[in-house]
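Reading through the structure tokens given below for one structure.
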There are 4 protein chains.
Amino acid sequence: MSTAGAKKIGFIGLGLMGKHMAMNLLKAGHSLTVWNRTPAKAQELVAAGAVLAKTPREVAEASEVLLTIVSDPPALESVLWGTAGKEDGALGGLKAGSLYVDSSTVSPVLAKKVAAECQQRGVKFLDAPVTGGDWGAREGNLVFMIGGDAETLKEAEPILQVMGKKWFHLGPNSAGQTIKLAMNAILALEVAGVAEAIGLVTKAGLKGEQLAEVLQSSMGRSGLLDLKTPLMLKGDFKPSFPLRLMHKDLGLALELANQLGVALPTTAAAREVYNYVKGEAKEDLDYSAVMKFWKK
Amino acid sequence: MSTAGAKKIGFIGLGLMGKHMAMNLLKAGHSLTVWNRTPAKAQELVAAGAVLAKTPREVAEASEVLLTIVSDPPALESVLWGTAGKEDGALGGLKAGSLYVDSSTVSPVLAKKVAAECQQRGVKFLDAPVTGGDWGAREGNLVFMIGGDAETLKEAEPILQVMGKKWFHLGPNSAGQTIKLAMNAILALEVAGVAEAIGLVTKAGLKGEQLAEVLQSSMGRSGLLDLKTPLMLKGDFKPSFPLRLMHKDLGLALELANQLGVALPTTAAAREVYNYVKGEAKEDLDYSAVMKFWKK
Amino acid sequence: MSTAGAKKIGFIGLGLMGKHMAMNLLKAGHSLTVWNRTPAKAQELVAAGAVLAKTPREVAEASEVLLTIVSDPPALESVLWGTAGKEDGALGGLKAGSLYVDSSTVSPVLAKKVAAECQQRGVKFLDAPVTGGDWGAREGNLVFMIGGDAETLKEAEPILQVMGKKWFHLGPNSAGQTIKLAMNAILALEVAGVAEAIGLVTKAGLKGEQLAEVLQSSMGRSGLLDLKTPLMLKGDFKPSFPLRLMHKDLGLALELANQLGVALPTTAAAREVYNYVKGEAKEDLDYSAVMKFWKK
Amino acid sequence: MSTAGAKKIGFIGLGLMGKHMAMNLLKAGHSLTVWNRTPAKAQELVAAGAVLAKTPREVAEASEVLLTIVSDPPALESVLWGTAGKEDGALGGLKAGSLYVDSSTVSPVLAKKVAAECQQRGVKFLDAPVTGGDWGAREGNLVFMIGGDAETLKEAEPILQVMGKKWFHLGPNSAGQTIKLAMNAILALEVAGVAEAIGLVTKAGLKGEQLAEVLQSSMGRSGLLDLKTPLMLKGDFKPSFPLRLMHKDLGLALELANQLGVALPTTAAAREVYNYVKGEAKEDLDYSAVMKFWKK
């Protein structure tokens, strides 16, 4: 563990992904100040040496580099701008010259708004949503989709390297979010497609397992489907990437598309199926539980 | 080229797929009688030793094994039951004890109807639609999705082996067609998903190539998307699997689903996008041309 | 009851609509030969003076004018072309110079096929699907959507007049069916629209009755919605126009649209909702039961 | 014109609807302070006696009753909370005990947020979106969909009476918005349904006018369709209710539905068609221009 180049890093959002990303930063020798809406989730990190701050603002004030990864746009807004009537938002604590990397998946509109705020304060900002799941987060194997300046990215790379093996520089701020939303639409449609196909063959009296076997021999096979199809057939919907988040991301993709005047009929149809299942669900499920629309 | 076990084979339907499948049978030493709606397409096969019959019935009469691969249900009905007022349909020529394998993609309802007719005549029947494209047909590398008796399949295997490397026995007659339609719905949704995603990021001012690059690093990557995405980005829609056939197959999948009372909202939405592009198209295009809905 | 101009009329299809239409013809003084797949349904008509034939062909042979109204394309094909191996289809019994009016809702393709057969036999044919429900049938208050020659229509008018108050001459054969399918798509979307709206406000904690009250004051109010909305709110889905028939008609509309290359995204989405409810239903329901998708 | 009960009224939003509503209030003897993003639109009202304020806050400060009707949620937020760094929002100027009626169509979530702010300040609030179009606004013939306290409504009635003939009290704050969004989904689906139907029959070689004529005789006829269908057939898409606003309202309805977990597959499909046409449009069009998806 090298501490040359060790930074004071702030980390906000210690969920399924964030806790592993933060731990990897700690293990790499960086000093960490953290915050989470539910402080209990910080225990393991604090035990490993992280400092738990009382507000997002405190995290920002203590850091050269701030990272955030929270569940949705309102959560990010609340972290950055703070609670009404309090001065506890992270933006207020960011120092000129510092670096801020947001790995939440939010709307490109919000990414642009954050970028504008950062620019006003002299803060360098990257939108950097990730893919790779909690497994990728734990293994330091994430893929980052980056929007922002090349120079800022350069500066962030030693940090990204600790959490991921790959990053794509996709354009100016918000480009990372745009590509992320498009990617998730592709994944959601792959899974919805297999779910519809299983629904069809099952009702026709055949076994979904046979469809899965044929799929394995076909050009349509993907790592995602290799992983999800057996779980869907077993009805094992333990959340890896939660349905509620995929549903939110499809909503963000459609919101963007409707702002731009791009019709996405297939994504829109799929979103309503995810919505249906989410509306019926009594527990937190993986997005492959879209299957439940057909298999009750 | 061995002629031990050589059979008298009839082959009907010498299109993109059929001509290669027939040629492989010929090369394997079987004797071939062929028929095609457009006789000119039989030239190469005739030059290689096949006999061109005047009617589907003649083909059946001359054969121990009949194979058909035509474009859609009406084409198959016309080949099997013949032209009104004429006795030229293949069914009438099939001998009791012979084997009939249909590799067209048609409705499971039609497959069952053919199976019933064959049973009445003492003919052994398999529905055996294929996947693998014209390249797979030429290389003898097709995958067969089989509906029918295990015993009949056993008998057909030496013939299938000449044209393909793999077959799945999926259930009784019509099971092959059901799985094929479900598989094509999956493929159509993968391609539609990438098309929508490219449509979105392009309108947002980013490059589809960047999305493609990220996709290559993601779990969503599939052989199909590796193949189609670059062509979609170039706007190269030379038909490999024609749009009109994928559109037809989506229609057959939805027809089946609506007979069974299985809702397929995503497939239905995608079908209308394929339909839109097909309606606007002035030439024969690959199904990846669904892209044209967004990129004009 | 006048018998001047009384005709020998054949009537096939004594369902919800047909039995009333036939009774009105009988009451108007025409002599009637009838046939129904389930002969028991002819009892009332026979008691009133109709003759029950043994086959559709017998009906046609006994008639100057043939009327048919059956549930779907396969039923019409079976009535007209008869059972395999028997010579019992109505087409075979139609005399040159006679008039044939089909009031079933079937595909325009089938209407054209029937028209071609009739022309070959010198039979004058109208496709004449109806709207107005069983109430309109009983009251002689139907609306006919007519495809065919003006001259043929002229000849049919005295007969139509007995069953309906209005007819629209819409074009050559199949035009009646095309307009009918388009009309039913409109009706299905009105009802689906109200169903989605009730689903939404109910889940938001408001009463569907309030939405209905506002709708009554709005430009969106229609006779159909005035009729169906209260029943939907009560959950009274006794079939007036059965779900299975509306679902079939949406399928025919989409089949036509997909043959023509016209995308109908909204109709396609609605069809899958009707399909979902039909697939779950254990009894015969009115099409307003599409409501059950949201209200269980 | 009576001035007994004349009030000091503030009116913000002088668009297609607002200018007529404000003028009716002026004519009824109320004194009016107005504000509009584009001040030029206030000229006619100022000439008739209204006072033009410099900020929304000034309007609120000068009024016993505040009315707002602006185009979308961001516009309302900007009017109420003001521009960043300025203290010019209307909320800041509202006096305890005053009455605030918002007739914009916005999300129920925003209506609740406004209600909460008003409650904190002792301001009585109604969400009161309207239907009836610019014609209804001019004639004082609007219908109001009201969310809020019965007592507050009682107090507002003398004012509402000047602008409309009817109001529905639908529940607590946000109920007006919820019903309004559901109503607009119904209207959008009626129009989309007719548009799809015209698209279909036209491509089948028939005339949309004939479909319209049949529709006029059917139960599906509505005031809305009587009005819009001829314009759609002529291609006259002069905005009465602009496409961009209907598109926005469909988006708000779907946003609400997705928050609540209610799937709206038909509305979602229709929204993408409206989105497609909006994306292609170069000018401001009526929402009946959804027709352009089929008729180019």
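Rundown of residues vs (1) facing another protein chain (nearest Cβ under 7 Å); (2) under 21 Å from D:ILE186 (Cβ atoms), yes/no style:
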| position | (1), (2) |
| --- | --- |
| D:GLU209 | no, no |
| D:ALA212 | no, yes |
| D:SER218 | yes, yes |
| D:GLY235 | no, no |
| D:PHE241 | no, yes |
| D:MET246 | no, yes |
| D:VAL262 | yes, yes |
| D:VAL277 | no, yes |
| D:SER288 | no, yes |
Residue pairs qualifying under the 8 Å Cβ cut-off, at least six apart or on distinct chains, with the first in region B:109-121 being among the basic types (Lys, Arg) and the second being assigned to a helix (DSSP H, G or I), are B:ARG121/B:LEU91
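Mind checking which residues of region D:259-296 are β-branched (Val, Ile, Thr) and part of a helix (DSSP H, G or I)?
Just the residues of region D:259-296 that are β-branched (Val, Ile, Thr), to begin with: D:262, D:266-267, D:273, D:277, D:290.
Within region D:259-296, D:THR266, D:THR267, D:VAL273, D:VAL277, D:VAL290 qualify.
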Those residues of region D:142-186 that are surrounded by 24 or more Cβ atoms within 10 Å (Cβ to Cβ) and within 7 Å of chain C (Cβ to nearest Cβ) come to a total of 9
Given the conditions (1) more than 9 Å from every other protein chain (Cβ to nearest Cβ); (2) β-branched (Val, Ile, Thr); (3) open to solvent by 40 Å² or more (accessible area, probe 1.4 Å), every one holds for A:THR202 apart from (1)
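Residue-wise test of (1) part of a helix (DSSP H, G or I); (2) without any contact (Cβ under 8 Å) to a residue 24 or more places away in the chain; (3) out of contact with any Ser or Thr (no Cβ under 7 Å at 6 or more places or on another chain); (4) at positive phi.
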| position | (1), (2), (3), (4) |
| --- | --- |
| A:VAL162 | yes, no, yes, no |
| A:ALA185 | yes, no, no, no |
| A:ALA188 | yes, no, yes, no |
| A:VAL191 | yes, no, no, no |
| A:ALA197 | yes, yes, yes, no |
| A:LEU206 | no, yes, no, no |
| A:GLU209 | yes, no, yes, no |
Checked region B:248-259 for anything more than 7 Å from chain C (Cβ to nearest Cβ) and not small (Gly, Ala, Ser); matches are B:LYS248, B:ASP249, B:LEU250, B:LEU252, B:LEU254, B:GLU255, B:LEU256, B:GLN259
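Do you know which of the residues in region C:220-233 that are facing chain D (nearest Cβ under 8 Å) and open to solvent by less than 60 Å² (accessible area, probe 1.4 Å) is nearest to the chain's Cα centre (by Cα)?
If we take residues in region C:220-233 being facing chain D (nearest Cβ under 8 Å) and open to solvent by less than 60 Å² (accessible area, probe 1.4 Å), then C:LEU224 is nearest to the chain's Cα centre (by Cα).
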Filtering region C:122-146 for residues that are of a type outside the set (Gly, Ala, Ser), under 22 Å from C:GLY223 (Cβ atoms) and assigned to a loop (DSSP other than H, G, I, E, B) leaves a count of 2
For region A:89-117, the count of residues that are outside any loop (DSSP other than H, G, I, E, B) and touching a helix residue (DSSP H, G or I) at 6+ places or on another chain (Cβ under 8 Å) equals 13
Those residues of region C:80-109 which are open to solvent by 10 Å² or more (accessible area, probe 1.4 Å) and hydrophobic (A, V, I, L, M, F, W, C) amount to C:TRP81, C:ALA84, C:LEU94, C:ALA96, C:VAL109
When (1) surrounded by fewer than 22 Cβ atoms within 10 Å (Cβ to Cβ); (2) out of contact with any helix residue (DSSP H, G or I) (no Cβ under 8 Å at 6 or more places or on another chain) are applied to C:GLY132, the one that fails is (1)
By residue number, the members of region B:234-270 that are open to solvent by 20 Å² or more (accessible area, probe 1.4 Å) and among the charged types (D, E, K, R) are B:LYS234, B:ASP236, B:LYS238, B:ARG244, B:LYS248, B:GLU255
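State yes or no: is D:ASP249 outside any helix (DSSP H, G or I) and within 30 Å of A:PRO73 (Cβ to Cβ)? Let's see the steps before the verdict.
Working: outside any helix (DSSP H, G or I): no; within 30 Å of A:PRO73 (Cβ to Cβ): yes.
Answer is no for this residue.
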Listed by range, helices (runs of 4 or more DSSP H) wholly within region A:4-74 having at least 3 residues that are in contact with a helix residue (DSSP H, G or I) (Cβ under 9 Å, 6 or more places away or on another chain) and surrounded by 20 or more Cβ atoms within 10 Å (Cβ to Cβ) are A:18-27, A:56-61
Among (1) touching a Leu at 6+ places or on another chain (Cβ under 9 Å); (2) surrounded by fewer than 23 Cβ atoms within 10 Å (Cβ to Cβ); (3) within 7 Å of chain D (Cβ to nearest Cβ), A:ASP284 falls short only on (3)
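The values are calculated or read from the model by the stated rules, or taken from the named source; none is laboratory data. Keep in mind the model is a prediction, meaning the values are calculated, not measured. Note that we place each Cβ from the backbone using ideal geometry, even for glycine, and neighbour counts take in every protein chain shown. Remember, those area values only see protein heavy atoms, side chains included, never the ligands or the DNA or RNA. Shrake-Rupley method; radii C 1.70, N 1.55, O 1.52, S 1.80 Å.
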